[in-house]
Every structure is written in structure tokens, then in C-alpha cells.
1. Using a 10 Å cut-off around each Cβ of peptide A:34-47, what is the average number of partner chain Cβ atoms that fall inside?
2. Would any residue of region B:294-318 have its amide N under 12 Å from a label point 7 Å out along Cα→Cβ of B:Asp324? List them or say none.
3. Provide the gained length on full extension for the span B:Met313 to B:Ser370, in nm with one decimal, where the gain is 0.36 nm per separating residue minus the Cα-Cα distance.
4. With point charges of +1 on the Cβ of Lys and Arg and -1 on the Cβ of Asp and Glu, referenced to the Cα centre of region B:187-258, which listed residue (B:Ala196, B:Phe251, B:Phe220) lies farthest in the positive direction of the dipole?
5. With the radius of gyration and the Kirkwood radius both derived from the Cα set of the protein assembly as shown, what is their ratio Rg to Rh?
6. Which one, A:Gln61, A:Gln43, A:Gln23, has the greatest fluctuation when you compute a Gaussian network model over chain A with C-alpha springs under 10 angstrom?
7. Taking beta carbons within 10 Å but only from partner chains, what does the mean come to for residues B:167-176?
8. Quickly work out the B:Glu223-to-B:Leu18 label distance, labels modelled 7 Å from Cα along the C-beta direction, and quote it in nm with one decimal.
Amino acid sequence: MTEKPVEELTYEEAVKELEGIIQSLEGNSGALEDMIRLFERGQVLGKHCLNLLDKAELRIQTLANPDVYGETVL
Amino acid sequence: MNQQPGLFNPSTLTVSELTRFITALLESEPVLQDIWVEGEVSNLKYHTSGHVYLSLKDETATLRCIIWKTYVPRLRIRMQEGMAVTAHGRISVYERGGDYQLYIDNVQAVGEGALFQEFLRLKAQLEAEGLFDPERKKELPAKPGRIGIVTSSTGAALQDMLNIFRQRYPLVEVLLAPAAVQGVSAPAEIAAQVKALNQEQVDVIILARGGGSIEDLWAFNDERVVRAVSESSIPVITGIGHETDFTLSDFAADVRAPTPTAAAVTAVPDILEIRAELDTLQTSLQIAASQGIQDRRADLREDLHALARLSPMNQIQNERQHIDMLIERASSSAGYSLQLLRSRMEGSLLHLRSVSPQAVLERGFALVFSQDGSLVKSARQVHAEMPIHVKLQDGSIAARVKDVQTNRDPAVSGEG
């Protein structure tokens with residue numbers, strides 16, 4: 001698994017990864033060390049998500065107006 | 001005013017009087033005060049005052065018309081020279097010019113009454129092409145990161161939707177693709193913006209317009225718009241007009257919401273649900289991790305037990321324990337036998353005691369022995385002057401027989 005720094009993840013990406021981590025933890029395979037590492041990353045992901053929710057502010061961008069006819073409309 | 005002109009003094013009216021007379025005549029005719037006129041637009045002039053001047057004509061006649069500026073913004077079509085229109089208004093007189101004219105308050109393209117027929121025809125055609133097929137409908141993303149909105153940048157619909165996003169899911173990013181949502185250029189603009197958003201990184205597109213008359217919503221029945229919606233590779237939600245309004249774009253959309261607000265609600269999850277979901281995930285993470293540790297602990301315990309069972313020390317211990325048990329068992333059974341013996345012995349002693357001569361002596365009887373120690377049981381065994389021993393419970397007496405009488409009262413004298 002190539003891991004992006006958590007701070008760079010969007011909410012959707014972070015939640016998706018968190019879900020994946022829980023799944024593999026529940027699968028309960030792999031080395032203890034991996035398990036602990038996964039758990040720690042899961043915790044960081046969860047905190048990041050909470051942080052995003054707390055700080056979320058709607059961002060609005062605007063596309064250019066289409067120049068459909070090249071003429072003004074009444 | 002209806003008097004006949006006199007012979008010598010014909011009645012004369014001023015121009016103003018006559019014009020007013022004519023005006024009054026026209027304005028008193030109800031048919032002329034609420035009339036639809038069909039004709040071709042000519043001499044169209046948008047005056048700087050805001051009023052619009054034009055003429056309507058057909059092959060043989062011309063009608064002067066004016067649209068006061070207060071009515072201009074309400075026009076649904078953009079008139080052009082030569083366009084066939086149906087205009088509604090009232091006939092009156094422009095007294096200064098001496099012209100009667102139509103004061104227009106509403107203009108439609110000719111055949112707009114046939115709009116519904118056209119709507120049905122196009123719907124049937126696009127339906128036959130499969131544009132509305134349910135299997136074409138795409139799933140909406142559960143948590144869109146970026147939403148494209150095609151609507152008027154000045155409409156209330158946009159603000160309503162942005163408010164919904166702020167309340168429900170401020171995580172989302174909005175990409176507004178502004179387009180006129182009514183008027184002649186609306187269909188082309190809307191279609192172009194839907195296509196433009198398909199070139200952008202958006203997860204879902206909302207096509208929205210606030211409520212209005214059916215004519216106001218007509219752009220969303222335009223074939224170009226419907227095709228653009230249908231061809232969009234990004235899911236499209238429509239929120240056009242009110243609940244009762246259905247446009248062809250609604251049929252082509254992946255999800256039709258009754259209003260712009262409803263479209264916004266449909267597009268995003270609620271942040272409260274998101275928070276609850278996140279809580280659950282964090283709890284699951286804890287549980288999964290601690291379960292993993294517990295499982296490993298249990299495995300480890302089992303392994304240690306197995307190891308202990310196999311150790312030589314354990315074998316020795318087992319042997320020792322076995323021996324201990326044997327000893328224990330042996331000693332406990334030995335103890336049991338001794339006790340049995342003891343109680344048996346006590347029983348025997350008791351019995352022995354009950355038959356002992358001592359017990360008889362204790363009751364006051366005496367034993368008499370001859371000199372050779374044999375027990376004297378009969379008077380015939382003794383004679384006078386014979387020494388005897390008399391044994392009592394607490395001692396014995398040496399005595400000499402004085403006299404012997406058999407059968408009755410054998411007198412025994414004792415001394416010492």
C-alpha cells in the first residue's frame with residue numbers, strides 16, 4: 001500500500017482508507033507489527049476526518065459563461 | 001356628438017375632439033381591449049427609453065404596436081425582424097401621431113399553443129431512442145467531493161442549494177456553471193454547460209431552475225438540453241420548477257428531484273449522518289485492533305500451555321504427584337483400618353468386662369479358693385480346719401473352715 005500523508009487526503013479518501021484498515025484488522029491476518037501500524041494510521045485517519053468535518057466550509061468556484069451565440073440576450 | 005351636421009351651420013370638431021371621440025369609441029369596444037393578433041414583426045426598435053416599438057404586418061395590412069418598458073422584461077421570447085408572433089394587448093390611439101395602435105403586454109411565438117404537441121412528439125421520439133431507459137440511469141455518489149451546478153447565477157434557486165450544502169455537507173466543493181435558464185439562448189447555454197462540466201472533475205451535476213410558468217421552464221424541454229443530460233457521463237440530478245412540473249430533462253436525468261432544494265438534498269449526505277458513521281468507524285477500529293490483540297493473547301496462552309505440557313520438569317512433576325497420590329491413598333486406607341480395629345477392640349473389651357468375675361465381686365459376692373488355688377464351688381470340697389482363701393472385690397482373706405454343713409447354710413468362718 002502506498003500511503004499518502006493523511007493531511008493530503010480528502011474526507012472521502014480518508015474514510016475509504018479507514019474502512020479498508022478496519023476490514024484488514026478484522027481479517028486478523030498479518031504480523032502484529034503491521035496490525036499496530038494499521039491501527040495507528042486508522043486513528044490518524046479518524047482524527048483527520050473529524051478535523052475536516054469541524055473545519056468544513058463550502059467552497060464555490062465558477063465556470064466561464066458559455067458564449068453560445070456571441071450576442072447579448074434581451 | 002351624434003347630431004347631424006346642420007345645413008347652414010355645419011358642426012365642426014377640433015382634431016383633438018375628433019381624436020378623443022375615436023379613442024373613446026375604440027376603448028369602449030371590449031373585443032379590442034383584450035385581443036390576440038398574429039403577424040410578422042417589422043420595424044422592430046428597442047428605444048433607449050426602454051419601450052419597444054414595432055409593427056405587425058401580414059400581406060396586406062400593418063398594425064403599429066408599442067410595448068411599454070414595464071412589460072418588456074416579461075417577454076418570454078426574443079423578437080426578431082420577420083418573426084411570426086402572436087401578440088396580446090389592447091387597441092387604443094396615439095393621439096399626437098393620430099395613429100391607432102396595439103399596446104402589447106404579451107408576445108408568443110406563433111404556434112406556442114402547439115408547444116404541448118411538440119413536447120409529446122419529442123418525448124415519444126427520445127423515448128423511442130432509449131434516452132429515458134431506466135438502465136441508462138447512473139448511481140449517485142454517496143459522498144460527492146465536487147458538485148457541478150448548471151443554473152442561473154442570479155436565481156434564488158442557486159442560493160437555496162448553496163444553503164442546503166452549507167447546512168448538510170459543507171465538505172463539498174461547488175463548481176457553478178452559470179447559464180440563462182429562460183429565454184431563447186437558454187437551451188444552448190444549458191446544454192453547453194452540461195457538456196463543459198463533463199470535462200471537469202465533478203462527481204455529480206445538478207441542473208436546476210426555480211419555479212415559473214410552463215413556458216419559463218421550456219428550455220428544459222429543448223432537445224439539445226435533453227440530449228446533453230442523457231449523454232452526460234457524470235450523473236445528473238434535475239430540480240426544475242415545482243413538484244408538479246415535469247420536463248423532458250427530468251426524464252433524461254439520472255435522478256429527478258421536485259425542486260432545486262430537493263435536488264441539493266438528494267446530492268449530498270447529512271453531516272450528522274456522516275459524523276455518526278465516522279463514530280462507528282472509529283469504534284470499529286478500536287474493536288478490531290483490541291480483538292486482534294486478544295486473539296493473539298489467547299493463541300499465545302495456548303502455545304505456552306502446550307509448551308509446559310511437553311517440558312521434562314512437568315514429567316517429573318507429574319510422577320511426583322502420582323506418587324504423592326499413592327501415598328495419600330495408602331495412608332488414608334491404613335488409617336481407616338486402624339480405626340476399625342480400635343472400635344472393634346473396644347467392643348470386645350466391653351463384652352469381656354461384662355463376663356468378668358470382678359464384676360460379680362463388685363456386687364458383693366466372694367470367691368473361695370482352696371489351698372491349692374482351686375475354686376471351691378461345693379461345700380463337699382472342704383472339711384473342718386481346712387485353710388481357705390476368700391477373695392472379695394478389693395482384697396482377700398486367709399481363713400480356716402470351722403464347720404461344714406451341706407445343702408443348707410454352709411457356715412464359713414473367716415479371720416484376718
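1. 3
2. The answer is B:317-318.
3. Numbers: separation 57, 0.36 × 57 = 20.52 nm, distance 7.94 nm.
Gain in length upon complete extension: 12.6 nm.
4. B:Ala196
5. Rg/Rh: 1.78.
6. Maximum among the listed residues: A:Gln61.
7. Counting Cβ atoms of other protein chains within 10 Å of each residue's Cβ and averaging gives 5.
8. The modelled label-to-label distance comes out at 5.5 nm.
Every number in this text was worked out from the coordinates using simple rules, so none of it is lab data. Fair warning: this is a prediction, and the values are worked out from it, not measured in the lab. Backbone-built Cβ (ideal geometry, glycine too); neighbour counts: all protein chains shown.
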